[in-house]
């Protein structure tokens with residue numbers, strides 16, 4: 001198919017063929033800003049490459065260029081997903097996210113076409129237009145993060161900034177707010193370079209001023225409310241979905257890794273997702289092991305199990321105490337589609353029966369809250385990809401969590417970027433929410449993270465190990481925890497509203 005463009009050729013920076021090449025290059029550049037490479041300035045470069053391909057584009061041209069940019073990024077960024085069910089599901093996810101990227105690119109291209117004609121002044125070009133471009137980018141990220149089937153929030157540009165100087169901004173603006181500010185600085189810089197209608201000093205002052213503002217905003221102060229002594233255990237079992245293992249191997253690996261801690265003084269023991277084969281709610285041996293661990297350490301055990309209640313399966317975190325059994329349960333609210341359940345199975349199974357047939361167990365979305373009371377301390381709990389869900393993490397703080405326990409099973413992804421990316425997200429959550437985070441995995445990367453995002457202690461990949469730390473508690477409510485979602489809605493709504501107004505005005509003027 002040949003796409004011809006009759007758009008604003010005077011404003012266009014690149015012909016279509018060059019824009020496609022630059023878009024293809026932008027993906028690996030964007031990805032390099034994220035862990036494992038973690039060269040965070042490259043994320044800004046990648047954003048700039050995407051934006052310059054969209055200036056002067058028609059909608060069809062922007063859809064094509066945006067799809068290429070999205071595919072180049074996601075096929076690079078989530079290669080790890082192919083290790084679970086193979087390249088086909090990973091490709092389907094990457095293509096879906098690329099379609100979202102293309103839709104966002106088309107909206108941004110319209111902003112570049114309409115807004116300078118409707119509002120041609122220096123203030124609009126250097127101020128309003130970058131705000132709209134950044135808001136549209138943020139709106140696209142937000143949309144893809146929640147839809148369909150709960151969305152896929154991985155790959156938002158802000159998630160590359162756990163080690164950058166702007167990391168303290170997460171406590172102020174949240175993940176979507178930081179994405180908005182990042183794109184705003186880049187878009188303002190692009191406009192400052194290409195807009196000759198304002199004095200050179202003014203054009204230079206806008207992006208420099210914005211960047212300086214981001215760097216000088218102080219970290220949100222976090223006041224400690226005491227601490228809780230946590231024993232987190234990485235069992236390093238063969239915990240992958242398709243791994244071949246002996247009966248009871250998962251549970252025994254966790255027991256063996258925990259045994260060196262017996263007799264120590266701790267407040268709570270934390271095991272990861274994927275640490276048991278059978279639920280202690282229905283299996284006497286598993287219940288006796290849970291009792292044994294709790295007795296040996298004189299502390300409650302927070303562990304994982306697949307639970308079945310009323311004919312439904314749940315991905316559950318259990319609070320267990322010897323002599324009392326289960327005290328509380330968190331059932332994962334958003335099971336991963338095509339990983340933990342198959343939405344609309346009757347539709348998808350005929351399309352790929354062998355692949356869909358691999359996923360036999362259907363987890364039911366949970367309805368329980370995300371906090372446990374551990375001897376008077378409220379702790380927030382979540383499972384694996386929950387860590388990337390803005391609403392779940394914010395709600396746990398709203399429900400009183402003073403520390404976050406993030407439990408995951410990364411065995412299916414080997415020694416890929418997935419674990420490094422997930423650890424970076426956990427560090428960002430610590431900053432955003434002003435909470436210590438204990439990120440515990442079956443195989444790594446497990447770490448204790450301070451409220452400022454600093455890694456206090458980390459275990460090696462694919463080795464059994466333990467972390468015993470006095471983890472700081474906090475009751476502070478950061479601006480991001482209080483209003484992060486509102487910031488997302490505001491900047492997205494502002495951008496979409498401005499684009500619609502500009503579209504009507506441009507149409508009336510025949511632009």
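If each residue's Cβ is checked for other Cβ atoms within 10 Å, how do 285, 149 rank with the fewest at the top?
Numbers: 285 11, 149 15.
Listing 285, 149 from fewest to most nearby Cβ atoms yields 285, 149.
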Projected label distance in nm at residue 509 and residue 217, using a 7 Å step from Cα toward the beta-carbon: 3.2
Tell me the angle of helix 479-509 to the major Cα principal axis of the chain, expressed in degrees between 0 and 90 and rounded to the nearest ten. 30
The stretch 237-315 - convex hull of alpha carbons, volume per residue in Å³: 93
What's the percent breakdown of Cα-Cα distances in the stretch 13-83 across 10 Å bins, shortest bin first? 23, 49, 23, 5
Evaluate E = 1/(1 + (r/R0)^6) for residue 288 and residue 39, where r is the Cβ-Cβ distance and R0 equals 56 Å; express this FRET efficiency to the nearest 0.05. 0.65
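How big is the Kirkwood radius of the stretch 128-201, worked out from every pair of different alpha carbons and given in Å to one decimal? Mind showing how you got there, number by number?
Numbers: mean 1/r = 0.0745 Å⁻¹.
After inverting the mean inverse Cα-Cα distance, the result is 13.4 Å.
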Once both axes come from the Cα atoms, what is the angle between helix 16-32 and the longest principal axis of the chain, in degrees from 0 to 90, rounded to 10? 30
Which whole-angstrom value gives the distance between the alpha carbon centres of the stretch 265-300 and the stretch 301-321? 12
Could you tell me how many cubic angstrom of Cα convex hull volume the stretch 304-359 has per residue? 95
Can you give the % of DSSP beta bridges in the stretch 386-511 that are antiparallel, to the nearest 5? 50
Could you work out the relative contact order of the chain? I mean the mean sequence separation of Cα pairs under 8 Å and 6+ apart, divided by the number of residues, in percent. 16
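Dividing the alpha-carbon Rg of the stretch 150-236 by 2.2 N^0.38 Å yields what? Please list the in-between numbers first.
Values: Rg = 18.6 Å, N = 87, 2.2 N^0.38 = 12.0 Å.
Cα Rg divided by the expected 2.2 N^0.38 Å: 1.55.
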May I ask you to derive the FRET efficiency for residue 347 and residue 373 from their Cβ-Cβ distance with R0 = 41 Å, giving the value to the nearest 0.05? 0.45
Check: C-alpha center the stretch 82-160 vs C-alpha center the stretch 433-469, spacing in Å is 32
Ratio of Rg to Rh for the stretch 377-511, alpha carbon only, Kirkwood? 1.17
Candidates (1) 24.2; (2) 29.9; (3) 21.1; which is the computed mean projected area of the Cα convex hull in nm²? (1)
antiparallel share of DSSP beta bridges within the chain, to nearest 5, in %, is 65
Sorted from largest down, what three extents in whole angstroms do the Cα atoms of the stretch 317-457 have along their principal axes? 50, 37, 28
Principal-axis tilt of helix 417-433 within the chain, Cα atoms, nearest 10 degrees: 90
Ranking 225, 417 by Cβ neighbours within 10 Å, fewest first, what do you get? 225, 417
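Ranking 292, 314 by Cβ neighbours within 10 Å, fewest first, what do you get? Let's see the in-between values first.
Details: 292 15, 314 22.
Ordered from fewest to most neighbouring Cβ atoms within 10 Å, 292, 314 come out as 292, 314.
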Centroid-to-centroid separation of the stretch 174-252 and the stretch 331-373 [C-alpha atoms, Å]: 29
What distance in nm separates the two pseudo spin-label positions at residue 327 and residue 92, each 7 Å out from Cα along the beta-carbon direction? 4.2
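Values in this text are rule-based calculations from the coordinates and carry no lab data. Values in this document were obtained by computation on a predicted structure and should not be read as measured data. Note: ideal-geometry Cβ built from the backbone for every residue, glycine included; neighbour counts use all protein chains shown.
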